[in-house]
Amino acid sequence: MGAKTDAYVDTSALIAFADRSDSYHPLFKRLFSNPPALVATTLVVAEGHGWFLKRYDRLRALQFVGLIEELTPLRIVPVGPDEQAGGIQILRKFSDQNLTLTDAVGLHLMRSRRLTHCWSTDRHLGLMGVTLVISEH
């Protein structure tokens with residue numbers, strides 16, 4: 001087993017950190033300056049890349065990917081059939097919520113790894129009882 005992970009990082013936290021125009025940028029700039037062990041999925045990276053590509057351009061999208069590559073101690077985990085199935089199960093359980101598959105896989109990952117904290121600006125990520133960092137600050 002690897003090092004203990006302290007929090008799951010959602011796309012919204014990474015966008016807020018990378019985009020100075022985001023209202024949560026100061027909070028995430030401070031948090032990422034001395035982060036605990038963090039985990040995110042390949043879906044989070046893809047979603048963030050797509051956001052910067054659509055909102056800005058190819059350069060900003062590549063800069064986002066570069067930022068992810070440089071962030072330590074952020075660990076990116078792959079999403080395979082089991083994680084996807086777990087995410088789909090959560091989508092069905094919370095079908096009254098506007099969750100993306102990325103959100104649902106994140107919720108599944110937090111549940112399966114027994115994570116208690118989530119770095120996100122998206123309140124949906126607190127659906128299963130984890131503490132959202134924006135609620136603490």
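Summarising the overall dimensions of the chain from its C-alpha atoms, the Rg and Dmax are 14.1, 39 angstrom.
Look at the dipole of region 1-87 built from charges on Cβ: of F17, G80, A46, the Cα furthest out on the positive end belongs to F17.
Charged side chains reduced to their Cβ positions (Lys and Arg at +1, Asp and Glu at -1) give the chain a dipole of some 80 debye around its Cα centre. Computed over the chain, the per-residue total of -39500 (n - 2.57) for DSSP H runs of n ≥ 4 gives a 222 nm mean residue ellipticity of -15500 deg cm²/dmol, rounded to 500. Accessible area per residue of the chain at 1.4 Å probe, in Å²? For the chain, the per-residue accessible area is 56 Å². Under 5 Å from the amide H of V77 lie the amide H atoms of A40, T41, T42, each residue being 5 or more positions distant or on a separate chain, with H modelled from the backbone and absent for Pro and chain starts. For region 1-53, with equal point scatterers placed on the C-alpha atoms only and solvent neglected, what are the log10 I(q)/I(0) values from the Debye formula at q = 0.24 1/Å, to two decimals? The Debye formula, applied to the Cα set alone, gives -0.96.
Would you mind pulling out the separation of the Cα centroids of region 12-40 and region 51-91, in Å? Value for the Cα centre distance between the two parts: 14 Å. Specify whether the C-alpha gyration tensor of region 84-127 places it in the rounded, prolate or oblate class, a ≥ b ≥ c being the square roots of the eigenvalues: rounded for a/c under 1.5, otherwise prolate if a/b is larger than b/c and oblate if not. It comes out oblate by the Cα gyration axes. Rounded to the nearest 20, the Cβ-based charge dipole of region 1-47 about its Cα centre (Lys and Arg +1, Asp and Glu -1) stands at 200 debye.
Relative contact order for the chain: what is it in percent, counting Cα pairs under 8 Å that are at least 6 residues apart?
On the way: 188 pairs, mean separation 37.2, N = 137.
The normalised contact order for the chain reaches 27 percent.
What the phi angles of region 7-21 give under the Karplus curve with 6.51, -1.76 and 1.60, with θ = phi - 60°, is a coupling list of 7, 8, 10, 8, 3, 4, 5, 5, 5, 4, 5, 7, 10, 4, 7 Hz, glycine and proline written as x.
Gain in length, Q89 to L53, computed as 0.36 nm per residue apart minus the alpha-carbon separation, to one decimal in nm? Gain on extension, Q89 to L53, equals 10.0 nm.
The simple Förster model, with R0 at 22 Å and r as the Cβ-Cβ distance, assigns Q63 and N34 a FRET efficiency of 0.50.
The values are calculated or read from the model by the stated rules, or taken from the named source; none is laboratory data. On a predicted model such as this, the values are computed, not experimentally measured, just so you know. Ideal geometry is used to build each Cβ from the backbone, glycine not excepted, and the neighbour counts take in all protein chains shown. Areas reflect the complete protein model, heavy atoms only, side chains present, ligands, DNA and RNA absent. Shrake-Rupley method; radii C 1.70, N 1.55, O 1.52, S 1.80 Å.
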